[in-house]
Amino acid sequence: YIQWMQDVATLHYNAIGGAAAMQKAGATWVVRSHNIEYLVPLFAGEEVTVLTWVVNFRRVRSLRRYRFLRTGDDVLLARGETDWVFVDATSGRPCRIPAEMIGLLPLPENH
């Protein structure tokens, strides 16, 4: 599940132009923490749909949530979240998330 979380976050971010904005800022995202709540078992051979969205931005951090659904019947299998930290690619120190990057990821009204 953690690998799926990282993969879908990266795919989503790249699809909206986040990689170019991140490179322009000279920074990158690193994981501070993952949290997963497992609700229903997933069995070998079952397909999973993963949904993701960004919940908020704080000075140097952003919270992203995930929902894991069994593709055949949309049963909620698990939900999770990742606390991401924006860091300078050279120093590794946290840095402020640029406004233009925040603008790429509209926040949902109800999160």
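The values are calculated or read from the model by the stated rules, or taken from the named source; none is laboratory data. Because the structure is predicted, anything quoted here is derived from the model rather than measured. Cβ atoms come from the backbone with ideal geometry, glycine included; neighbour counts cover every protein chain shown. What goes into the accessible areas is simple: the full protein's heavy atoms, side chains included, and nothing from ligands, DNA or RNA. Shrake-Rupley method; radii C 1.70, N 1.55, O 1.52, S 1.80 Å.
Points to keep in mind about this one:
- Qualifying residue in the stretch 16-23 (condition: free of Cβ contacts under 8 Å to residues at least 60 places away in the same chain and under 11 Å from the mean Cα position of the chain (by Cα)): no
- In the stretch 65-111, the residues that are assigned to a strand (DSSP E or B), touching an Asp or Glu at 6+ places or on another chain (Cβ under 7 Å) and either open to solvent by 50 Å² or more (accessible area, probe 1.4 Å) or more than 21 Å from Gln3 (Cα to Cα) (or both): Arg65, Arg79
- Screening Gln3 on (1) open to solvent by 70 Å² or more (accessible area, probe 1.4 Å); (2) touching a strand residue (DSSP E or B) at 6+ places or on another chain (Cβ under 8 Å); (3) among the polar types (S, T, N, Q) shows it passes everything except condition (2).
- Within the stretch 23-42, the set of residues being touching a Leu at 6+ places or on another chain (Cβ under 9 Å) and either under 19 Å from Val54 (Cα atoms) or not in a strand (DSSP E or B) (or both) comprises Leu39, Val40, Pro41, Leu42.
- Considering the conditions (1) within 16 Å of Gln3 (Cα to Cα); (2) open to solvent by 70 Å² or more (accessible area, probe 1.4 Å), Ile36 is excluded by exactly one of them, (2).
- Where Thr52 falls short, out of the listed (1) under 18 Å from the mean Cα position of the chain (by Cα); (2) under 17 Å from Trp4 (Cβ atoms); (3) open to solvent by 40 Å² or more (accessible area, probe 1.4 Å); (4) hydroxyl-bearing (Ser, Thr, Tyr): (3)
- Output for the stretch 55-98, where each listed residue is under 24 Å from Val40 (Cα atoms), more than 17 Å from the chain's Cα centre (by Cα) and at pLDDT 95 or above: Arg70, Thr71, Asp73, Asp74, Val75, Leu76, Leu77
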